[in-house]
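Following: one structure in structure tokens, then a few remarks.
Just so you know, all these numbers are worked out from the coordinates, no wet-lab data involved. Source: prediction; values computed, not measured. Cβ sites come from the backbone with ideal geometry, for glycine too, and all protein chains shown count toward neighbours.
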Amino acid sequence: MAVAPFLNELEHTNLSTWLRESPSVFGFYFVLVFHTLGLSLVVGPNVVIDLRLLGLFREIPLAPLKRWFNVMWVGFCINAISGIFLVLAYPVKALTNPVFFLKLTFIAVAVWIMQRIKKQVFDDSSLAAGVIASNARMLAMSSIALWAAAITAGRLLAYTCSYLVYGVPCE
Ligand code: HEM
């Protein structure tokens, strides 16, 4: 597979080399810990809201769950920033792997659905009267499926890469 030379240049920058090779605890694995923390903050509350919309936990009032959208956006920002550092650490590994782009697509659609749930369910004035948008169940099921796909694709990145670094194939 032809790899764009600029990825090789990117991989030889001081930051990329430090992230990849530094023995410091603040190197690659620290970033991966933040990435895992971020995904728990964006996916965890989202799935709780989805399950509530699917009819589980009916004893939990729906309207107050609106506050969790801010937490989900904090989680997403943590993952966008830590994700960029993960790419910077191994740019060839990530950017030559089609699963990486599939993962970003799942995430983009999942975030779009997350915003549609907020707008159509939580920002709808009829929620106060206990009326839930008719397509809430479909949105909730799509959301769970997309986050499951994003996490699975994220986990599979380590097993589906072609190159670890420029010129070095993944084993
Ligand atoms: C909310 C959104 C996101 C979720 C749920 C997510 C989820 C995951 C998961 C589950 C992993 C596997 C972690 C592991 O091996 O322990 C992963 C790895 C990774 N993610 Fe994300 N991610 C998100 C956003 C992003 C973004 C925006 C980027 C890039 C801009 C990104 C880049 C990466 C990279 C490069 C890896 C591979 C790390 C490695 O080499 O092992 N992620 N992600």
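Odds and ends about this structure:
- Residues 123, 50 arranged by fewest to most Cβ contacts within 10 Å: 123, 50
- Annotation for residue 159 and residue 129: the two label points, set 7 Å from Cα along the Cα-Cβ direction, are 5.1 nm apart.
- Here the gap between residue 63 and residue 22, fully extended at 0.36 nm per residue and compared with their Cα-Cα distance, gives a gain of 10.1 nm.
- Here the stretch 65-95 is scanned for amide nitrogen atoms under 14 Å from the site 7 Å beyond the Cα of residue 30 along Cα-to-Cβ, giving 82, 85-86.
- The distance between label points at residue 145 and residue 116 comes to 1.1 nm (points 7 Å beyond Cα on the Cα→Cβ vector).
- Over the stretch 11-129, the pair-distance histogram of Cα-Cα distances with 10 Å bins from zero comes to 12, 35, 27, 16, 8, 1 percent, rounded to whole numbers.
- Panel order for 60, 117, 49, by other beta carbons found within 10 Å of each beta carbon, from fewest to most: 60, 117, 49.
- Neighbour net charge for residue 157 - beta-carbon separation under 11 angstrom, K R +1, D E -1: +3
- Radius, Kirkwood style, for the stretch 1-80 when every pair of distinct Cα atoms is counted (Å): 15.5
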